[in-house]
Amino acid sequence: MPYPIYTIGGKPVTGKSTLAKTLAQQLGYDRIYVGGILRELSRQSEHNPLNLPFDEWYRSLHNNSSLDNKADRTVGEAAQIRNDLVLEGRVAFHFVPPTKRAITCNVYLTCDQHVASERIFDLQRNTARPEEIQYRCANHAYKVLTQRFNDEITRYKALYGIDIGDDGHYDLIIDTTTLSKTDVLSRVLSFKK
């Protein structure tokens with residue numbers, strides 16, 4: 001029996017979006033993607049007048065929590081009134097109302113960051129995502145991803161007083177380094193608290 005709500009969080013380039021999309025499709029659930037909400041905001045001139053690439057724009061928000069709050073509130077509001085949701089975001093677990101936490105499965109994906117760096121560098125060569133930083137090599141991707149995750153840990157501690165790297169927030173932790181997307185999906189669907 002699937003959980004009424006799933007939250008998907010984790011480190012960069014671990015398969016969060018892939019899992020969220022396939023899980024939502026498999027279960028017939030709606031997916032709310034905080035990163036997608038933020039990416040959309042970054043494309044709007046009133047929020048990004050310098051037209052910065054997404055990663056640069058996101059780093060520039062460290063003194064402006066209103067956009068993070070706007071995106072994160074979207075998750076909380078949806079979870080308050082609905083079930084059959086896959087909520088994808090670093091702090092999505094934090095915005096599930098207390099009355100629904102017992103029926104929510106909080107999933108955290110991790111991966112060897114050198115493998116993740118190779119993945120994103122290879123992906124960038126095969127797909128166009130103009131809003132993303134263009135990595136010069138896998139080592140450059142590693143440095144950028146490591147800095148981004150460390151910045152996010154600091155950011156979410158400051159914004160919400162939570163450590164996104166704390167395993168205690170999650171019901172299921174999956175290392176995707178050597179797993180296929182089918183294997184990851186299978187582990188989530190078969191998980192029982």
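For region 115-138, check the following and say yes or no: at least one residue is touching a Ser or Thr at 6+ places or on another chain (Cβ under 8 Å), free of Cβ contacts under 8 Å to residues at least 40 places away in the same chain and in a helix (DSSP H, G or I).
yes
When residues of region 1-56 are filtered for being in contact with a strand residue (DSSP E or B) (Cβ under 6 Å, 6 or more places away or on another chain) and either of a type in the set (Val, Ile, Thr) or within 20 Å of residue 79 (Cβ to Cβ) (or both), how many remain?
We begin by selecting, within region 1-56, every residue in contact with a strand residue (DSSP E or B) (Cβ under 6 Å, 6 or more places away or on another chain); these are 3, 5-11, 14-16, 19-20, 23-24, 29-33.
Those left that are additionally either of a type in the set (Val, Ile, Thr) or within 20 Å of residue 79 (Cβ to Cβ) (or both): 3, 5-10, 14, 16, 19-20, 23-24, 29-33.
Within region 1-56, residues that are in contact with a strand residue (DSSP E or B) (Cβ under 6 Å, 6 or more places away or on another chain) and either of a type in the set (Val, Ile, Thr) or within 20 Å of residue 79 (Cβ to Cβ) (or both) number 18.
Could you list, in sequence order, all residues of region 43-76 that are within 16 Å of residue 151 (Cβ to Cβ) and β-branched (Val, Ile, Thr)? Talk me through it step by step, then tell me what you get.
Of all residues in region 43-76, those within 16 Å of residue 151 (Cβ to Cβ) come to 52-65, 67-68.
Result: no residue meets the conditions.
Could you go through region 19-30 and let me know if any residue there is of a type outside the set (A, V, I, L, M) and surrounded by 21 or more Cβ atoms within 10 Å (Cβ to Cβ).
Just the residues of region 19-30 that are of a type outside the set (A, V, I, L, M), to begin with: 21-22, 25-26, 28-30.
Subset that is surrounded by 21 or more Cβ atoms within 10 Å (Cβ to Cβ): 29.
Scanning region 19-30, I find at least one residue that is of a type outside the set (A, V, I, L, M) and surrounded by 21 or more Cβ atoms within 10 Å (Cβ to Cβ), so the answer is yes.
For region 3-29, which positions are more than 15 Å from the chain's Cα centre (by Cα) and either farther than 13 Å from residue 172 by Cβ or of a type in the set (D, E, K, R) (or both)?
4, 5, 25, 26, 27, 28, 29
For region 38-52, name all the residues that are surrounded by fewer than 17 Cβ atoms within 10 Å (Cβ to Cβ) and either of a type outside the set (S, T, N, Q) or under 21 Å from residue 141 (Cα atoms) (or both).
Correct list: 40, 43, 46, 47, 49, 50, 52.
Restricting to region 4-57, what's the tally of residues that are at pLDDT below 95 and in contact with a Gly (Cβ under 6 Å, 6 or more places away or on another chain)?
Qualifying residue count, region 4-57: 1.
Just a yes or no: is a residue in region 105-115 closer than 22 Å to residue 43 by Cβ and out of contact with any Lys or Arg (no Cβ under 6 Å at 6 or more places or on another chain)?
Looking for residues that are closer than 22 Å to residue 43 by Cβ and out of contact with any Lys or Arg (no Cβ under 6 Å at 6 or more places or on another chain), one finds none in region 105-115, hence no.
Between a residue in region 151-173 that is farther than 13 Å from residue 7 by Cα and part of a helix (DSSP H, G or I) and any residue that is open to solvent by less than 50 Å² (accessible area, probe 1.4 Å) and basic (Lys, Arg), which pairs come within a Cβ distance under 7 Å, given they are 6 or more apart or on different chains?
From residues that are farther than 13 Å from residue 7 by Cα and part of a helix (DSSP H, G or I), the pairs are 152/90; 156/90.
Is there a residue in region 72-90 that is in contact (Cβ under 8 Å) with a residue 60 or more places away in the chain, among the β-branched types (Val, Ile, Thr) and either closer than 23 Å to residue 141 by Cα or open to solvent by 60 Å² or more (accessible area, probe 1.4 Å) (or both)?
Checked region 72-90: no residue is in contact (Cβ under 8 Å) with a residue 60 or more places away in the chain, among the β-branched types (Val, Ile, Thr) and either closer than 23 Å to residue 141 by Cα or open to solvent by 60 Å² or more (accessible area, probe 1.4 Å) (or both).
Please give the number of the condition residue 106 fails out of (1) surrounded by 15 or more Cβ atoms within 10 Å (Cβ to Cβ); (2) among the polar types (S, T, N, Q); (3) in a helix (DSSP H, G or I).
If we test residue 106 against (1) surrounded by 15 or more Cβ atoms within 10 Å (Cβ to Cβ); (2) among the polar types (S, T, N, Q); (3) in a helix (DSSP H, G or I), just (3) comes out false.
The values are calculated or read from the model by the stated rules, or taken from the named source; none is laboratory data. Since the structure is predicted, the reported quantities are computational estimates derived from the model, not experimental observations. Note: ideal-geometry Cβ built from the backbone for every residue, glycine included; neighbour counts use all protein chains shown. Only protein heavy atoms, including side chains, enter the accessible area calculation; ligands, DNA and RNA are left aside. Shrake-Rupley method; radii C 1.70, N 1.55, O 1.52, S 1.80 Å.
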